Amino acid sequence: MQSTIARQKLAAYPPDIEIKIARNACETLEFYRAKEMIALGHMKAKAYLKI
């Protein structure tokens, strides 16, 4: 259900850029890995923007 809603929202309001991170990068309840996931997001954004 959540995937369907997300697809509809993206179709209605397409983002300027989309940076994809693998779904298996971390599990739902692995809150202790927040810093690691934020760092991964920064790394992917820098790679996409070529900073």
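Any read-out appearing in this document is the output of simple, stated calculations on the displayed coordinates, not a laboratory observation. All values reported here derive from a predicted model rather than from experimental measurement. Note that we place each Cβ from the backbone using ideal geometry, even for glycine, and neighbour counts take in every protein chain shown.
Sites count as exposed loop sites when they are trypsin sites (Lys or Arg not before Pro), lie in a DSSP loop, and have at most 15 other Cβ atoms within 10 angstrom; the longest stretch of the chain without one is 21-49. For the chain, the C-alpha radius of gyration sits at 1.35 times the compact-globule guess of 2.2 N^0.38 Å, with N the residue count. Taking 0.36 nm per residue of separation and subtracting the Cα-Cα distance, full extension of the segment from ASN24 to SER3 would add 6.0 nm. Under a model in which nothing but the beta-carbon of Lys, Arg (+1) and Asp, Glu (-1) is charged, the chain shows a dipole of about 140 debye around its Cα centre. Sites listed here are GluC sites (Glu not before Pro) in the chain whose DSSP assignment is loop and whose Cβ has at most 10 other Cβ atoms within 10 Å: GLU18, GLU27.
Using just the helices of the chain, give the 222 nm mean residue ellipticity in deg cm²/dmol: DSSP H runs with n ≥ 4 each add -39,500 (n - 2.57), and the total is spread over all residues, rounded to 500.
So the helix-based figure for the chain works out to -17000 deg cm²/dmol.
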